[in-house]
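This report refers to the structure that appears directly beneath it.
The values are calculated or read from the model by the stated rules, or taken from the named source; none is laboratory data. On a predicted model such as this, the values are computed, not experimentally measured, just so you know. Heads up, the Cβs are rebuilt from the backbone with ideal geometry, glycines too, and the neighbour counts pull from every protein chain shown.
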Amino acid sequence: MPTLTIDGHTVHADHGQFLLAACRSAGIQIPTLCDHPAVEPYGGCRLCVVDVTRPEWNGWCKMVVACLFPVEDGIVVHTASTRVIEVRKVVLDLLLARCPDTPLVRDLAARHGILATSYVRNQQPTDCILCGLCTRICDRMGMSAIGSVDRGAGREIATPFREPPAACIGCLACAEICPTGFIRYESGTARRKIWDKDFDMLRCPRCGRSHITVAQADFFAGRGGVPRSYFEICDVCKRKDLAVAATRLACATETPAR
Amino acid sequence: MGDAMSGYSCVDHGLVDAILERYPREEPSLIQVLQDVQRAYNFLPCEVLTRVSRELGVPLSKVFSVATFYKAFSLTPQGRVIIKVCTGTACHIRGAPLLIEEVQRRLGILPGGTTEDAAFSLHTVNCVGACAMAPVVIVGDKYLGNAKAAGLAAHLTRGE
Ligand code: SF4
Ligand code: FES
Ligand code: FES
């Protein structure tokens, strides 16, 4: 079990664990924007930088992103050294130049003492911080309908050819995971629209609630193993069924015991 | 068949067939395939990208990411000869702006543009690593060092 020192505390971490998780398990907070338990770490936002050193390095230390750095036995970590704070401030300052009107960015920057960017303010402000959560969750769902397009200052999240994406099933995972609400959609009882693509909604045969798109049901059923009807019934009704079944089971097991 | 997408619905699929034959049908082949497609068609036609995505088993969004990330790839048809004027620091100081102006004047296109007969495309690039012979213009595969505006005309003739 690797043993490390984080801000003066001795921490026992798991093999293969990333430093960010080890810090958190020790109760040390590190700001992050691209980290999420549902997806693999990405190292995109650079906010989670920390200093790593060893006693034998004679004061030399290296800066790493905690979310992607696997713990090592004997390392000494500083999560809030002057150097680390400076770097985080630069990152937030740049992010604020890109997204000057985005509450999430403004709040985080303000908490680090940055009230206005010292760089040139983006002339076309956007709410997208390029955290890559949407594309990673879309990959995770197995669709990969959206991706990162172009590069440098012009980079953005977009669909192939900037057209309604063929691969999209309208699950809204991207919009729900997006920390800034940048991905817009409309969802009603009959139709849903995201990424400029229209979807028909499916109504639960029991309660009539529109809960998923027809495309979602088709996709899940197409993966095999479970019949389509399973996906047609909404979660609320499924839970009810489960509760009823559990009660019956409980009564049935109680009876002989009497 | 009417293809609403573009005027390029009539791409020659034989070319991409031959390219796909050369590489294993897997994700690591992607960039090589795209490079060959770019060379064969002078750009990356949408339908070919869709085809490549299917054949290599790489999601179209990933193919599009790669296609838009690298400067070597273009999603619009390029001229048969591509002219790149270096605008890196050394070339800028030694007269790149005059060279761009000269090409623009002679061909009637702006940087990023292609002549109507698809003979030439003009692009500006950052340092091409040949600062000692700045300013540099690359016409097709030919590197012209110490380029002079007056000397460019000879390289901008059509039909050889
Ligand atoms: S759209 Fe949202 S989730 Fe996707 S990269 Fe931008 S901020 Fe992150
Ligand atoms: S959380 Fe580590 S780089 Fe974003
Ligand atoms: S600046 Fe043009 S070759 Fe370096």
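Being away from chain B (no Cβ under 14 Å), near ligand 2 (Cβ under 8 Å from one of its atoms) and free of Cβ contacts under 8 Å to residues at least 60 places away in the same chain narrows it down to one residue among A:Cys48, A:Cys61; which is it?
A:Cys48
If you scan the stretch A:154-192, which residues turn out to be of a type in the set (Lys, Arg) and under 22 Å from the mean Cα position of the chain (by Cα)?
A:Arg155, A:Arg184
One line per residue, one yes/no per condition, for (1) farther than 30 Å from B:Pro45 by Cβ; (2) in contact with a helix residue (DSSP H, G or I) (Cβ under 9 Å, 6 or more places away or on another chain):
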position	(1), (2)
A:Val87	yes, no
A:Arg98	yes, yes
A:Leu104	yes, no
A:Leu115	yes, yes
A:Leu130	no, yes
A:Arg140	yes, yes
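List the pairs whose first member sits in the stretch B:48-59 and is within 12 Å of chain A (Cβ to nearest Cβ), whose second member is of a type in the set (Lys, Arg) and not in a helix (DSSP H, G or I), and whose Cβ atoms are under 8 Å apart, counting only residues at least 6 apart or on separate chains?
Partner pairs satisfying both residue conditions: B:Gly57/B:Arg25.
Read through the list (1) surrounded by fewer than 19 Cβ atoms within 10 Å (Cβ to Cβ); (2) within 30 Å of A:Thr159 (Cβ to Cβ); (3) at pLDDT 95 or above, then give the number of the only condition that B:Val125 fails.
(3)
Among (1) over 18 Å from the mean Cα position of the chain (by Cα); (2) within 16 Å of ligand 1 (Cβ to nearest atom), where does A:Cys131 come up short?
(1)
Residues of the stretch A:132-151 being aliphatic (A, V, I, L, M), out of contact with any Ser or Thr (no Cβ under 9 Å at 6 or more places or on another chain) and within 12 Å of another protein chain (Cβ to nearest Cβ), which ones?
Across the stretch A:132-151, the qualifying residue is only A:Met141.
Would you pick out the residues in the stretch A:36-60 that are surrounded by 14 or more Cβ atoms within 10 Å (Cβ to Cβ) and either among the β-branched types (Val, Ile, Thr) or modelled with pLDDT under 95 (or both)?
Selection gives A:Val39, A:Val49, A:Val50, A:Val52, A:Thr53.
Answer yes or no as to whether A:Pro179 is in contact (Cβ under 8 Å) with a residue 60 or more places away in the chain, part of a loop (DSSP other than H, G, I, E, B) and either of a type outside the set (Gly, Ala, Ser) or in contact with a Lys or Arg (Cβ under 7 Å, 6 or more places away or on another chain) (or both).
So A:Pro179 fits the description; yes.
For the stretch A:166-200, give me each residue that is more than 14 Å from chain B (Cβ to nearest Cβ), more than 16 Å from ligand 1 (Cβ to nearest atom), surrounded by 19 or more Cβ atoms within 10 Å (Cβ to Cβ) and of a type in the set (A, V, I, L, M, F, W, C).
Passing the criteria: only A:Phe199.
For the stretch B:100-125, what are the residues that are within 16 Å of ligand 3 (Cβ to nearest atom) and out of contact with any helix residue (DSSP H, G or I) (no Cβ under 9 Å at 6 or more places or on another chain)?
Result: B:Ile100, B:His123, B:Val125.
Which of (1) modelled with pLDDT of 95 or more; (2) in contact with a Ser or Thr (Cβ under 9 Å, 6 or more places away or on another chain) is the odd one out, the single condition B:Glu27 does not satisfy?
Every listed condition holds for B:Glu27 apart from (2).
Is it the case that some residue within the stretch A:109-131 is under 27 Å from A:Ala38 (Cβ atoms), away from chain B (no Cβ under 14 Å), away from ligand 3 (no atom under 16 Å from the Cβ) and among the aromatic types (Phe, Trp, Tyr)?
no
Name the single residue, out of those in the stretch A:138-165 being surrounded by fewer than 21 Cβ atoms within 10 Å (Cβ to Cβ) and in a helix (DSSP H, G or I), that is farthest from ligand 2 (Cβ to nearest atom).
A:Phe161
Considering (1) loosely packed, with under 15 Cβ neighbours inside 10 Å; (2) basic (Lys, Arg); (3) under 30 Å from B:Leu75 (Cβ atoms), say which one A:Arg223 fails and leave the rest.
Going through the list (1) loosely packed, with under 15 Cβ neighbours inside 10 Å; (2) basic (Lys, Arg); (3) under 30 Å from B:Leu75 (Cβ atoms), A:Arg223 breaks only (3).
Among B:Val81, B:Val136, which is the only one that is under 17 Å from the mean Cα position of the chain (by Cα), buried (at least 17 other Cβ atoms within 10 Å of the Cβ) and more than 14 Å from chain A (Cβ to nearest Cβ)?
B:Val81
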